[in-house]
Amino acid sequence: MAISLAMAAPAAAQTTEQTDDFAYNNERFADLQMLRYKVEGFERLSLRQKTFIYYLQEAALTGRDILFDQNGRFNLRIRHALERIYTDYKGDRTSADFQALTVYLKRVWFSSGIHHHYGSEKFEPGFSEEFFHQAAQSVGVAPSLINEICPVMFNPDIMPKRVNLAEGQDLVLTSASNYYRDVTQQEAEDFYTAQKDPNDPHPVMFGMNSRLVKENGRIVEKKWTTTTLYGPALARIVNLLRLARPYAEDADQQAVIDKLIEFYTTGDLHTFDQYTILWAGNTAPLIDFVNGFTECYGDPLGLKCSWESIVNFKDLEATKRTETLSQNAQWFEDHSPVDPRFRKEKVKGISAKVITAAILGGDLYPSSAIGINLPNSDWVRREHGSKSVTIGNLTDAYNKAARGSGFLDEFAIDQATIDLVRQYGDLTDDLHTDLHECLGHGSGRLLPGVDPDSLKAYGSTIEEARADLFGLYYVADPKLRELGLVPSDEAYKAQYYTYMQNGLLTQLVRIQPGNNIEEAHMRNRALIAHWCLEHGKKDNVVEFVRRDGKTYVRVNDYVKLRDLFGQLLAEIQRVKSEGDFAGAQALVEQYGVKVDPELHREVLERYQRLNLAPYKGFINPVYTAVRDAQGNITDVTIDYSEAYDQQMLRYSRDYSTLPLVND
Ligand code: ZN
């Protein structure tokens, strides 16, 4: 599971930290702002560690094409045609059409496909089909390919959404992501339900590494392995993992790599579980990595996992914070406001750390989560624990890049609130992320016999809400003061205010006019904020205030707001523990989906005047291996100067691992 950035533009503290001359902000286009992140401490690693990271980051970049293909069947073909035009077009490169094509290509790179990375709606090209046809032909793109992709790019009725979660529709047939082919939602659900044994205490994650297709009337799974679908990419990743293996930090980490190679080779789901158990238990090394089929947000049924990778090393200083939380995990579990039947009697091995990202790949690039908690399997987490990380250098880059954006001044209700958020906003935001990842996702348990997938399309939203509420409830707990994690009993109010403001108001800047809320994390935040608004009405806990034609959020009673977070946490945990589909559906549909069009329009207008990009993503640093005459690596250098388009073109050249058609 991934946690994404809560705020469209985080409210940065402008007081304490000094500015450094690192250029965090980079180019801006469409609704996107590119940032750079600093890999603090890389130079101080040993040669062995640098070499390990070098091979792992190569492996991280090598899976890029997999994600493009997972996100849509024509994405690789479209990227290919656009890149040919971008590099080779000899016509007027200053024309409006060519400029629009440039922006479109940059968005396709950013989203790993033709749909918005967050809202999942298809991009409107902004240049004419005639221009594209003529330009593609002029640079030698095959006419058959042009004819094939034109309707996909230009006809708004074809593949309009990557992930469709609209109630009452066939979510599989209407989603453009490439996880199912000619299969209905009912057929897909039946196919996987038939494989499940409700009495198996250790169920594998059926369907996580395959495409489900209908061939000659029969439904078959096409697995992703080194010799089947995505074989060329996975085989190259396996080779790089073999090169990395001798430099692993300990023997246990070598065993992790061996098991991952075995999984990529066989596609066996029991092997995958064994791999995740080894991975979750391998907590000693400084350097760690994720490489594989991981996040299920791109599948409307939440089964198929998108490919992603991150290579990282521990931030030892900041990790003291998360270690304090995990050492007290049992205390938090025992005191949580949920029904004791749904609590974990024994919280197992939650390992939590703050990490420095060295490279981002697949579904973490360029748009990245700021925290990750893995593995996803419920029983593995229960019996073997999970690893939870917050990515310190990315959060830091977001905060530094947001300095002086004017966002907080525009939307916060008064100066006292602005001061509060400036003083404690970054700190409590980090703490909330830690609580969400280290404790929230790992807390609670399912009642025996409850199918972990029973909440179906609502599962991701409910799970994120559960983790967020756990964090919200405890960020205000006196225990944090006692543990020395907050400097004041008032600090939590900064997090409460920004959370409510975001859920009720400012996250709407990420939604197109007329659209509903689709993305799981956004649905979760809307659900929590609107539920608390409504259930706190009689005590006027939170309210909307209109002033000079603008709407603000006012929190009147922070203590009661905490109580509401606790009540909702208890209810959400019950829904999850009992597998109450109807309960999940009612909560999400009533509070998490709909948008007030009037308020939406106002928020978009105010946001537009600030001239900020609602989404951000990262340009990776470039690692270069320095070799001696024998080819041995003698050093690995890091460089931050590569431009966004140069990076994307280089990746398409050097890490193009799949054919244009993967059927
Ligand atoms: Zn999460």
Applying the selection to the stretch 44-60, what residues are among the hydrophobic types (A, V, I, L, M, F, W, C), surrounded by fewer than 24 Cβ atoms within 10 Å (Cβ to Cβ) and part of a helix (DSSP H, G or I)?
L47
Taking the stretch 458-494 and keeping residues under 25 Å from Y552 (Cβ atoms), in a helix (DSSP H, G or I) and more than 16 Å from the ligand (Cβ to nearest atom) leaves Y492, K493, A494
What are the pairs, 6+ residues apart or on separate chains, where a residue within the stretch 305-329 that is at pLDDT below 95 has its Cβ under 9 Å from a residue that is of a type in the set (D, E) and in a helix (DSSP H, G or I)?
A318/D430; R321/D430; R321/D434; T322/D434; T322/E437; L325/D434
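Filter the strands (runs of 3 or more DSSP E) completely within the stretch 345-396 down to those with at least 1 residues that are away from the ligand (no atom under 14 Å from the Cβ), under 25 Å from H116 (Cα atoms) and modelled with pLDDT of 90 or more. Talk me through it step by step, then tell me what you get.
Values: elements: 351-362, 371-374, 387-391.
Per the criteria, 351-362.
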Matching residues, the stretch 87-138, being part of a loop (DSSP other than H, G, I, E, B) and more than 24 Å from N178 (Cα to Cα):
Y89, K90, G91, D92, R93, T94, S95, G126, F127, S128
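When the stretch 503-556 is examined, which residues are found to be among the basic types (K, R), more than 20 Å from L408 (Cβ to Cβ) and in contact with a strand residue (DSSP E or B) (Cβ under 9 Å, 6 or more places away or on another chain)?
Here is the first cut: in the stretch 503-556, the ones among the basic types (K, R) are 510, 523, 525, 537-538, 546-547, 550, 554.
If we keep only those that are more than 20 Å from L408 (Cβ to Cβ) as well, we get 523, 537-538.
Of everything in the stretch 503-556, just one residue is among the basic types (K, R), more than 20 Å from L408 (Cβ to Cβ) and in contact with a strand residue (DSSP E or B) (Cβ under 9 Å, 6 or more places away or on another chain), namely K537.
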Those residues of the stretch 397-409 which are modelled with pLDDT under 85 and either at positive phi or within 16 Å of the ligand (Cβ to nearest atom) (or both), in sequence order
G404
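Could you tell me which of the residues L374, L420, L431, L446 is in contact (Cβ under 8 Å) with a residue 24 or more places away in the chain, surrounded by fewer than 24 Cβ atoms within 10 Å (Cβ to Cβ) and more than 30 Å from L301 (Cα to Cα)?
Numbers: L374 fails: more than 30 Å from L301 (Cα to Cα); L431 fails: surrounded by fewer than 24 Cβ atoms within 10 Å (Cβ to Cβ); L446 fails: more than 30 Å from L301 (Cα to Cα).
Being in contact (Cβ under 8 Å) with a residue 24 or more places away in the chain, surrounded by fewer than 24 Cβ atoms within 10 Å (Cβ to Cβ) and more than 30 Å from L301 (Cα to Cα) holds for just one of L374, L420, L431, L446, which is L420.
Filter the strands (runs of 3 or more DSSP E) completely within the stretch 595-660 down to those with at least 1 residues that are under 21 Å from A369 (Cβ atoms).
Values: elements: 615-619, 622-627, 633-639.
By residue number, 615-619.
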Please specify each residue of the stretch 544-565 satisfying the condition of being surrounded by 14 or more Cβ atoms within 10 Å (Cβ to Cβ) and either in contact with a His (Cβ under 8 Å, 6 or more places away or on another chain) or within 19 Å of A494 (Cβ to Cβ) (or both).
Y552, V553, R554, V555, D557, Y558, K560, L561, R562, D563, L564, F565
Which of (1) modelled with pLDDT under 95; (2) over 23 Å from the mean Cα position of the chain (by Cα); (3) crowded, with 16+ Cβ neighbours inside 10 Å is the odd one out, the single condition P614 does not satisfy?
(2)
Within the stretch 591-608, track down each residue that is touching a residue at least 24 places away in the same chain (Cβ under 8 Å) and of a type outside the set (V, I, T).
Y591, G592, K594, P597, L599, H600, R601, E602, L604, R606, Y607
Can you confirm whether the stretch 496-513 contains a residue that is in contact (Cβ under 8 Å) with a residue 12 or more places away in the chain, within 16 Å of the ligand (Cβ to nearest atom), part of a loop (DSSP other than H, G, I, E, B) and in contact with a Gly (Cβ under 7 Å, 6 or more places away or on another chain)?
no
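Given the criteria in contact with a helix residue (DSSP H, G or I) (Cβ under 7 Å, 6 or more places away or on another chain), at pLDDT 95 or above and closer than 20 Å to L446 by Cα, does L569 qualify? Steps first, answer last, please.
Numbers: in contact with a helix residue (DSSP H, G or I) (Cβ under 7 Å, 6 or more places away or on another chain): yes; at pLDDT 95 or above: yes; closer than 20 Å to L446 by Cα: yes.
Spelling it out, L569 is indeed in contact with a helix residue (DSSP H, G or I) (Cβ under 7 Å, 6 or more places away or on another chain), at pLDDT 95 or above and closer than 20 Å to L446 by Cα.
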Answer yes or no: is there a residue in the stretch 152-167 that is exposed (fewer than 13 other Cβ atoms within 10 Å of the Cβ) and touching a residue at least 60 places away in the same chain (Cβ under 8 Å).
yes
For the stretch 516-529, indicate whether the set of residues that are in contact with a Phe, Trp or Tyr (Cβ under 6 Å, 6 or more places away or on another chain), at pLDDT 95 or above and within 16 Å of the ligand (Cβ to nearest atom) is non-empty.
yes
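Out of all the residues in the stretch 412-448, which are more than 16 Å from the ligand (Cβ to nearest atom) and either in contact with a strand residue (DSSP E or B) (Cβ under 7 Å, 6 or more places away or on another chain) or in a loop (DSSP other than H, G, I, E, B) (or both)?
Of the residues in the stretch 412-448, the ones more than 16 Å from the ligand (Cβ to nearest atom) are 412-428, 445-448.
Those that are more than 16 Å from the ligand (Cβ to nearest atom) and either in contact with a strand residue (DSSP E or B) (Cβ under 7 Å, 6 or more places away or on another chain) or in a loop (DSSP other than H, G, I, E, B) (or both): A412, I413, D414, R445, L446, L447, P448.
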So V141 ticks every box in (1) over 25 Å from S306 (Cβ atoms); (2) part of a helix (DSSP H, G or I); (3) among the β-branched types (V, I, T) but one. Which box is left unticked?
(2)
Is it the case that D451 is away from the ligand (no atom under 11 Å from the Cβ), farther than 18 Å from D429 by Cβ and not aliphatic (A, V, I, L, M)?
yes
Considering T226, T271, which residue is outside any helix (DSSP H, G or I) and of a type in the set (S, T, Y)?
T226
Filter the stretch 283-297 for residues that are more than 12 Å from I53 (Cα to Cα), not in a loop (DSSP other than H, G, I, E, B) and not β-branched (V, I, T) and give the result.
N291, G292, F293, E295
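The values are calculated or read from the model by the stated rules, or taken from the named source; none is laboratory data. None of these values were measured; they are calculated from a predicted model. Ideal geometry is used to build each Cβ from the backbone, glycine not excepted, and the neighbour counts take in all protein chains shown.
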